[in-house]
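Report on the following structure.
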Amino acid sequence: MIKKLFILFTIISVLLVGCAQEKSYNVWVDSSTQTQESIDSAIKRLTDAEVDFIVDDNGSVLVNEKDMDKAVMCCS
């Protein structure tokens, strides 16, 4: 019985840790090399395509790694 509980606890722990991983973002539009107009355009296209992205403190647009293919298809 204790062995079964230990196995169950281990499986649940692995699932919870795997699901709680932090999102990873990659630069999609770098504010140091692009105009504000192109940044605004990228934000609009990503929003319309429902791509997960953030704008960092420098104004660069970062796309979630999991949505990178979706971003390439909508915005290239």
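The values are calculated or read from the model by the stated rules, or taken from the named source; none is laboratory data. All of these numbers come straight from a predicted model, not from anything done at the bench. Each accessible area value is taken on the protein alone, full model and side chains, heavy atoms only, with ligands, DNA and RNA left out. Shrake-Rupley method; radii C 1.70, N 1.55, O 1.52, S 1.80 Å.
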Q: Just reorder Asp52, Asp57, Asp69, Asp40 by solvent-accessible area, largest first, 1.4 Å probe, all chains present.
A: Asp57, Asp69, Asp40, Asp52
Q) Per the 1.4 Å probe, what fraction of the accessible area of the chain, in percent, lies on carbon and sulfur atoms? A) 60
Q: Go through segment 51-67 residue by residue and turn each phi into a ³J(HN,Hα) via Karplus (6.51, -1.76, 1.60, θ = phi - 60°); whole Hz please, and just put x for glycine and proline.
A: 8, 6, 9, 9, 10, 7, 4, 7, x, 6, 9, 10, 10, 4, 3, 5, 9
Q) 222 nm [θ] for the chain, helices only, -39500 (n - 2.57) per DSSP H run of 4+, per residue, to 500? A) -16500 deg cm²/dmol
Q. In µm²/s, what is D for the chain at 10 °C and 1.306 mPa s, where D = kT/(6 pi eta Rh) by Stokes-Einstein and Rh is the Kirkwood radius from Cα pairs?
A. 109
